[in-house]
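Enquirer: Structure in structure tokens, see below.
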Amino acid sequence: MNYLAHLYLADRADADMAGAILGDFVRGPDMTRFAPAIAHSIRLHRRIDTITDQHPLVLGAMARFEPGPRRYAPIILDVLWDYVLATDWARYSSEPYADFCSRGARAVAASGSLFEWPRRPTHSGFTTLLRSYATETGIDFALRRIAARLKKPEPMLEACKGWQQHAPALREELPALIGDLESAAKAFTTS
């Protein structure tokens, strides 16, 4: 799951949305520098990642990649799950997609000082990023941006070619996956 799904799941579990994104950037177990709600949401993010990585639907989706490109399948699938969630948004939420993106970005930007990025997230920039997940161009850009962070981006770029072929199966599988993750997120938040 990528940013959109983590925001969605945090929101469904009444967890802090900024922490849902910080979970990708905070390393180690020490959460003492964070408010309890944010620390809890960072731990929720990590729990969601663990469940996702072991989920039978995710393992099945990874198996649909050829052996060489399969190495990059977890990264690619994280982005593609967000694409499917974004393009089928009305199936999962009555809140308009653009409104959710803006609300999530506002929460992340409000806690921008907690991010150790070279550039801290802004409301407009993060809104634009989230909204781009509903477009093929946005997904292409996201995948290229991720590949550019690797020492050797070419193999991942090659693995990304034709990513659209995976979308129909992911679209069918997402309701069950997101349902399982939402149940886990709510259970984690109430424990």
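Enquirer: What's the carbon and sulfur percent of the chain's accessible surface, probe 1.4 angstrom, rounded to a whole number?
Expert: With neighbouring chains kept in place, the figure for the chain is 54 percent.
Enquirer: Under a Cβ-only charge scheme (Lys and Arg +1, Asp and Glu -1), can you give me the dipole magnitude of the stretch 51-145 about the Cα centre, in debye to the nearest 20? Please report the intermediate quantities before stating the final value.
Expert: On the way: 11 positive and 10 negative charges, 49 e Å.
Roughly 240 debye, rounded to the nearest 20.
Enquirer: How much FRET efficiency would the formula 1/(1 + (r/R0)^6) give for Arg46 and Ala98, where r is the Cβ-Cβ distance and R0 is 30 Å, rounded to 0.05?
Expert: 0.55
Enquirer: Then there's this: Per residue, how much accessible area does the stretch 32-149 show when a 1.4 Å probe rolls over the protein heavy atoms, in square angstrom?
Expert: 51 Å²
Enquirer: When the solvent-accessible surface of protein heavy atoms is calculated with a 1.4 angstrom probe, in what order do Thr128, Thr50 fall, highest first?
Expert: Working: Thr128 95, Thr50 60 Å².
Final ranking, largest accessible area leading: Thr128, Thr50.
Enquirer: Also: As I understand it, the value is the acute angle between the Cα axis of helix 36-54 and the longest principal axis of the Cα atoms of the chain; what does it come to in degrees, rounded to 10?
Expert: Taking Cα atoms only, the helix is inclined about 20 degrees.
Enquirer: Taking the Cα centre of the chain as origin, work out the dipole magnitude from +1 charges on Lys and Arg Cβ and -1 charges on Asp and Glu Cβ, in debye rounded to 20.
Expert: So the dipole magnitude of the chain works out to roughly 580 debye.
Enquirer: Charges on Cβ only, +1 for Lys and Arg, -1 for Asp and Glu, centred on the Cα centroid of the chain; of Ser94, Pro153, Gly179, which one is farthest towards the dipole's positive end?
Expert: Result: Pro153.
The values are calculated or read from the model by the stated rules, or taken from the named source; none is laboratory data. Since this is a predicted model, take the numbers as computed values, not measurements. Cβ: placed from backbone, ideal geometry, glycine included. Neighbour counts: every protein chain shown. Heavy atoms of the whole protein, side chains included, go into the accessibility calculation; ligands, DNA and RNA do not. Shrake-Rupley method; radii C 1.70, N 1.55, O 1.52, S 1.80 Å.
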